[in-house]
Amino acid sequence: MQKVVIDLGPRSYPILIGTGILQDAVVIREAVTARDVLIVTNVTVGPLYLEQLTGALDGKRVRSTVLPDGERHKTLDVVARIFDALVAGHMNRDACVVALGGGVVGDMAGFAAACYQRGVDYVQVPTTLLAQVDSSVGGKTGVNHPGGKNLIGAFHQPRAVISDTGTLATLPPRELRAGLAEVIKYGLIADAGFLDWIDANLEAILRLDATALTHAIRRSCEIKAAIVAEDEREHGRRALLNLGHTFGHAIETATGYGHWLHGEAVGVGMLLAADVSRRIGWLGAGDVARLRGLLQRAGLPANAPAIGASRALELMRMDKKVLEGRIRLVLLQKTGEGVVRSDYPVDALEATLREHFGSAA
């Protein structure tokens with residue numbers, strides 16, 4: 001088992017990475033210290049791992065709630081079911097919510113924990129690659145709104161993140177590939193050497209090689225940990241972690257939540273961000289072509305849906321990084337060096353939108 005620490009002073013916590021951690025009752029109980037526990041999972045993950053996790057918490061007062069699966073269910077109405085379970089279980093401020101599942105479960109469970117009785121502990125037990133490298137780490141929680149993705153939420157750090165890489169063996173291949181987009185993101189924004197490593201080890205990750213997987217997850221978490229420790233609430237540098245997300249969220253919202261997996265939309269979004277960076281003169285055509293090839297080798301989409309440039313721009317204006325009416329974009333000054341800018345040439349963005357989304361919806 002390997003450990004990465006998110007250094008946030010009194011809110012610091014460990015990310016534990018390894019195979020078979022869910023079977024280690026000692027590790028689970030060190031992370032979940034509360035007597036009263038609500039496990040939040042979904043109809044897909046619950047049958048696979050709920051009994052195992054409940055067994056590791058033997059002796060505690062454990063309840064569970066099983067939610068529907070999918071991004072389209074990441075709503076306030078579904079979060080209300082978590083509140084109902086907490087109330088029905090007579091759980092108080094010393095309770096702990098445990099999120100067992102992917103990013104949707106983690107976001108909703110964390111949001112419920114942030115709100116219930118003005119804040120209770122929660123622990124993330126991510127079971128997808130995307131959640132293990134990104135959404136379970138950093139304390140962002142929330143739900144979607146018809147007008148935009150993750151518009152309703154709160155920052156609430158978990159007590160621990162427990163990433164059992166063994167759970168990835170039951171992950172559908174499409175979900176695994178979607179998670180790879182976030183891994184690639186870390187190389188693009190902060191570590192060109194890591195991107196080179198991903199390029200050389202992509203096939204090993206896809207065949208679930210334990211050594212390759214563990215390194216990919218650990219290095220991703222190390223990069224995110226350093227950025228979150230510097231900027232917990234995204235007032236500055238943390239926005240780098242949103243490379244591709246402004247474009248990607250527009251894709252998800254325009255096409256209906258769930259039609260595109262989050263990682264798929266982010267992958268295309270990163271390609272569009274790279275294209276804007278090329279138009280500004282920061283990246284070369286070869287850099288963009290390399291990213292496109294890497295996404296294609298990973299089995300990810302490399303072409304945006306024809307939602308229309310005007311619709312894409314409308315949705316991007318609802319992005320949480322918009323300040324004073326100006327869309328801030330995460331761009332690439334070079335491979336391995338991301339920047340957050342609002343002073344980019346607007347015509348470069350508009351040209352990218354027209355080329356990739358089409359001139360009309």
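Set side by side, the residues 185, 140 differ, and just one is of a type outside the set (A, V, I, L, M, F, W, C) and closer than 30 Å to residue 90 by Cα, which is 140. The sole residue among 213, 202, 188 that is in the same structural domain as residue 335 (by TED's automatic domain parsing) and more than 22 Å from residue 18 (Cα to Cα) is 188.
Taking the listed residues 351, 304, 274, the one that is crowded, with 19+ Cβ neighbours inside 10 Å and assigned to a helix (DSSP H, G or I) is 274, with no other qualifying.
Screening residue 144 against (1) surrounded by fewer than 22 Cβ atoms within 10 Å (Cβ to Cβ); (2) touching a Phe, Trp or Tyr at 6+ places or on another chain (Cβ under 9 Å) leaves a single unmet condition, (1). Of the residues examined, residue 218 is one that is at pLDDT 95 or above, surrounded by fewer than 24 Cβ atoms within 10 Å (Cβ to Cβ) and under 17 Å from the mean Cα position of the chain (by Cα). Within the stretch 7-29, the set of residues being farther than 21 Å from residue 225 by Cα and free of Cβ contacts under 8 Å to residues at least 60 places away in the same chain comprises 23, 24, 25, 26, 29. Output the residue which, of all residues in the stretch 84-109 that are aliphatic (A, V, I, L, M) and assigned to a strand (DSSP E or B), is surrounded by the most Cβ atoms within 10 Å (Cβ to Cβ). Here the residue is 99. Here residue 319 meets each of (1) part of a helix (DSSP H, G or I); (2) within 21 Å of the chain's Cα centre (by Cα) with one exception, condition (1).
All conditions but one from (1) outside any strand (DSSP E or B); (2) crowded, with 21+ Cβ neighbours inside 10 Å; (3) not basic (Lys, Arg) apply to residue 52; the one that does not is (2). With the structure loaded, tell me whether residue 78 is hydrophobic (A, V, I, L, M, F, W, C), surrounded by fewer than 20 Cβ atoms within 10 Å (Cβ to Cβ), touching a strand residue (DSSP E or B) at 6+ places or on another chain (Cβ under 9 Å) and farther than 17 Å from residue 161 by Cα or whether it fails that test. Spelling it out, residue 78 is indeed hydrophobic (A, V, I, L, M, F, W, C), surrounded by fewer than 20 Cβ atoms within 10 Å (Cβ to Cβ), touching a strand residue (DSSP E or B) at 6+ places or on another chain (Cβ under 9 Å) and farther than 17 Å from residue 161 by Cα. Only a single item in (1) in contact with a Leu (Cβ under 8 Å, 6 or more places away or on another chain); (2) farther than 30 Å from residue 234 by Cα is not met by residue 88, and it is number (1). Number of residues in the stretch 115-135 that are more than 19 Å from residue 64 (Cα to Cα) and surrounded by 23 or more Cβ atoms within 10 Å (Cβ to Cβ): the value is 8.
Just to be sure before I move on: is residue 112 crowded, with 24+ Cβ neighbours inside 10 Å, farther than 20 Å from residue 94 by Cβ and modelled with pLDDT of 95 or more in the structure I sent? The answer is no for residue 112. Scanning the stretch 31-87 for residues that are among the basic types (Lys, Arg) and either modelled with pLDDT under 95 or in contact with an Asp or Glu (Cβ under 6 Å, 6 or more places away or on another chain) (or both) gives 61, 72. Listed by position, the strands (runs of 3 or more DSSP E) enclosed by the stretch 121-194 that each have at least 2 residues that are within 19 Å of residue 252 (Cα to Cα) are 140-145, 148-155.
The lone criterion from (1) at pLDDT below 95; (2) under 26 Å from residue 194 (Cβ atoms) left unmet by residue 324 is number (2).
The values are calculated or read from the model by the stated rules, or taken from the named source; none is laboratory data. Fair warning: this is a prediction, and the values are worked out from it, not measured in the lab. Cβ sites come from the backbone with ideal geometry, for glycine too, and all protein chains shown count toward neighbours.
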